Amino acid sequence: MAAIILLGDSITGKFPTDALPKEFSAINKGVSGDRTDLVLERLNRDVLHHKPSAVFLLIGTNDMASGFSNNTILVNYERIIFRITKNLPGVQLFVQSILPTRNIENRPQERIQLLNVEIHKLAMKYGAKYLDIYPMFLNVNGELAENFSDDGLHLTLSAYKTWAEYLKQVFQTML
């Protein structure tokens with residue numbers, strides 16, 4: 001089987017690919033501080049060049065922190081999704097929801113939820129699969145759970161284990 005690409009920012013970059021089924025050759029292309037515009041810049045080198053059978057995309061939180069408008073984020077998202085699906089016919093593209101945060105002023109929950117609704121629509125428009133992982137990271141207050149993050153943004157090992165278990169189920173549907 002061809003490579004599986006995990007594409008995104010530092011949240012993706014710290015994902016333990018060794019926790020995924022060994023049948024898949026997972027390549028982690030998560031870059032700390034990355035944004036949608038930077039993913040677009042490196043898309044040829046980091047994704048299209050590898051001709052993966054599947055791509056798991058999670059990006060957007062740093063766009064908000066950088067002051068990008070929702071429109072800019074969504075236009076960039078659409079460009080990413082379009083380029084992947086156009087240049088890699090038959091690729092399984094999994095667009096993952098932006099994760100919740102905890103009391104981070106420039107990454108408010110309401111905005112993340114709004115963006116996730118629109119990102120879901122973009123995924124559907126291009127035949128990508130949308131993975132709504134946002135809810136599984138929430139605490140009872142509707143924020144990133146304390147056991148899943150020490151700083152309210154980046155994930156703990158416990159969070160990665162939860163995410164990896166979920167992705168293992170997704171991977172089983174790909175076999």
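The values are calculated or read from the model by the stated rules, or taken from the named source; none is laboratory data. Computed from a predicted model, the values in this text were never measured in an experiment. Glycine also receives a Cβ, built like all others from the backbone with ideal geometry; neighbour counts cover every protein chain displayed. These area figures cover heavy atoms from the full protein model, side chains too; ligands, DNA and RNA do not enter into them. Shrake-Rupley method; radii C 1.70, N 1.55, O 1.52, S 1.80 Å.
Condition first: farther than 11 Å from residue 123 by Cα and open to solvent by 60 Å² or more (accessible area, probe 1.4 Å). Now tell me which residues in region 67-86 satisfy that. Hits for region 67-86 are 67, 71, 79, 83, 86.
Figure legend. Inter-residue proximity from region 131-151: first residues of a type outside the set (A, V, I, L, M), second residues open to solvent by 60 Å² or more (accessible area, probe 1.4 Å), beta-carbon distance below 7 Å, spacing 6+ or different chains. Indicated pairs: 139/146; 143/103. Of all the residues in region 79-125, those that are more than 20 Å from residue 153 (Cα to Cα) and of a type in the set (D, E, K, R) number 6. Would you please name the residue that is surrounded by the most Cβ atoms within 10 Å (Cβ to Cβ), looking only at residues in region 57-66 that are assigned to a helix (DSSP H, G or I) and of a type in the set (S, T, N, Q)? Among those that are assigned to a helix (DSSP H, G or I) and of a type in the set (S, T, N, Q), it is 61.
Every residue, every condition in (1) more than 18 Å from residue 14 (Cβ to Cβ); (2) acidic (Asp, Glu); (3) not in a helix (DSSP H, G or I), yes or no:
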| position | (1), (2), (3) |
| --- | --- |
| 95 | yes, no, yes |
| 101 | no, no, yes |
| 105 | yes, yes, yes |
| 110 | yes, yes, no |
| 118 | yes, yes, no |
| 135 | yes, no, no |
| 152 | no, no, yes |
| 159 | no, no, no |
| 162 | no, no, no |
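Taking region 117-133 as the range and being exposed (fewer than 15 other Cβ atoms within 10 Å of the Cβ) and among the hydrophobic types (A, V, I, L, M, F, W, C) as the test, the residues that pass are 117, 124. In this structure, residue 171 does not qualify as surrounded by 12 or more Cβ atoms within 10 Å (Cβ to Cβ) and closer than 18 Å to residue 60 by Cα.
Close Cβ contacts (under 9 Å, 6 or more residues apart or on different chains) running from residues in region 51-67 that are on the phi > 0 side of the Ramachandran plot and touching a residue at least 24 places away in the same chain (Cβ under 8 Å) to residues that are surrounded by fewer than 24 Cβ atoms within 10 Å (Cβ to Cβ) and acidic (Asp, Glu) comprise 60/9. Would you mind finding the one in 114, 138, 93, 157 that is open to solvent by less than 40 Å² (accessible area, probe 1.4 Å) and not small (Gly, Ala, Ser)? Answer to the check: 93. Applying a threshold of 8 Å to beta carbon distances and a minimum spacing of six or more residues, or different chains, the list of pairs starting in region 19-33 at a residue that is open to solvent by 40 Å² or more (accessible area, probe 1.4 Å) and ending at one that is basic (Lys, Arg) reads 29/42; 31/42. With respect to the conditions (1) open to solvent by 10 Å² or more (accessible area, probe 1.4 Å); (2) over 25 Å from residue 102 (Cα atoms), residue 54 lacks only one, and its number is (1). Taking residue 143 as the residue in question, decide whether it is touching a Pro at 6+ places or on another chain (Cβ under 7 Å), open to solvent by 20 Å² or more (accessible area, probe 1.4 Å) and not β-branched (Val, Ile, Thr). In short, yes.
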